[in-house]
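Q: One structure coming up, written as structure tokens, with questions to follow.
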Amino acid sequence: MFMRIDHVGIACHDLEEKIALFERTFELTVVAREINEEQGVKEAMLHIADGNGGGSYIQLLEPLGPDTPVGKFLAKRGEGVHHVAFGVPDVTEAMREIGSKGVRLLDEKPRHGSMGSSIAFLHPKDVGGMLTELVQAQEH
Ligand code: V0V
Ligand code: CO
């Protein structure tokens, strides 16, 4: 079902500062940036490698406000790993399959994600405490 790890999402207070840190430390390059109002984030994708059905990335996330998923996470837990996103061939199909195994879906339908992707989240409490995102990359 999973083709690759699409990205690891990292919550931070200051996106520009963390981009500079990751570029300097790991020699990564920002390939996309977006403000996603629906998800309450300003985000940047740093390219790691090309893989099966799409690339893999580090996603740096700064909240648009305190009452957003990443804003609440920062207040409760501080900066660090926020979610792991898996690349799937068909996000609607993956949601159906995983949902049928009793895992709570946080989205009823796929939503807009980074770089034109379609995304959906799974409840962290149902998958060992890891907020999990499903990603269907944009077709090229
Ligand atoms: C909360 N919990 C987490 C967690 N956030 N556990 C692991 N990782 C996280 N990131 C735990 C939390 O400690 C609670 O456990 C429990 O889940 C319920 O959390 P809560 O604080 O009561 O509830 P909320 O209101 O903070 O909601 C948490 C969820 C919410 C996960 C439901 O954040 C959500 O819907 N997230 C999905 C959307 C999202 O995260 N968007 C931002 C990324 P205890 O304390 O009860 O034990 S956007 C993105 O990735 C994009 C655009 C992209 O990739 O393209
Ligand atoms: Co993400």
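Taken together, the values in this text are just the output of simple stated rules run on the coordinates, not laboratory data. Computed from a predicted structure; not experimentally measured. Quick reminder, even Gly has a Cβ in these numbers, built from the backbone with ideal geometry, and neighbours come from all protein chains shown.
Q: For the stretch 2-134, what is the relative contact order in percent, using Cα pairs closer than 8 Å and at least 6 residues apart in sequence?
A: On the way: 269 pairs, mean separation 35.0, N = 133.
Relative contact order comes out at 26 percent.
Q: What does the charge count near Ile35 come to, summing +1 for each Lys or Arg and -1 for each Asp or Glu among other residues with Cβ under 13 Å from its Cβ?
A: On the way: positive: Arg33, Lys42; negative: Glu34, Glu37, Glu38, Glu43, Glu62.
After counting each charged neighbour, the total is -3.
Q: Please give the residues of the stretch 86-125, grouped as numeric ranges, whose backbone N is less than 18 Å from a label point set 7 Å along the Cα-to-Cβ vector of Val31.
A: Once the point is set 7 Å along Cα→Cβ of Val31, 86-89, 113-119 turn out to lie under 18 Å by backbone N, inside the stretch 86-125.
Q: How compact and how long is the chain, expressed as Rg and Dmax of its alpha-carbon atoms in Å?
A: Calculated on Cα positions, Rg and Dmax stand at 14.4, 43 Å.
Q: Restricting to the chain, compute how many DSSP beta bridges are antiparallel as a %, nearest 5.
A: Details: 32 of 41 bridges.
Among the beta bridges of the chain, antiparallel pairing accounts for roughly 80 percent.
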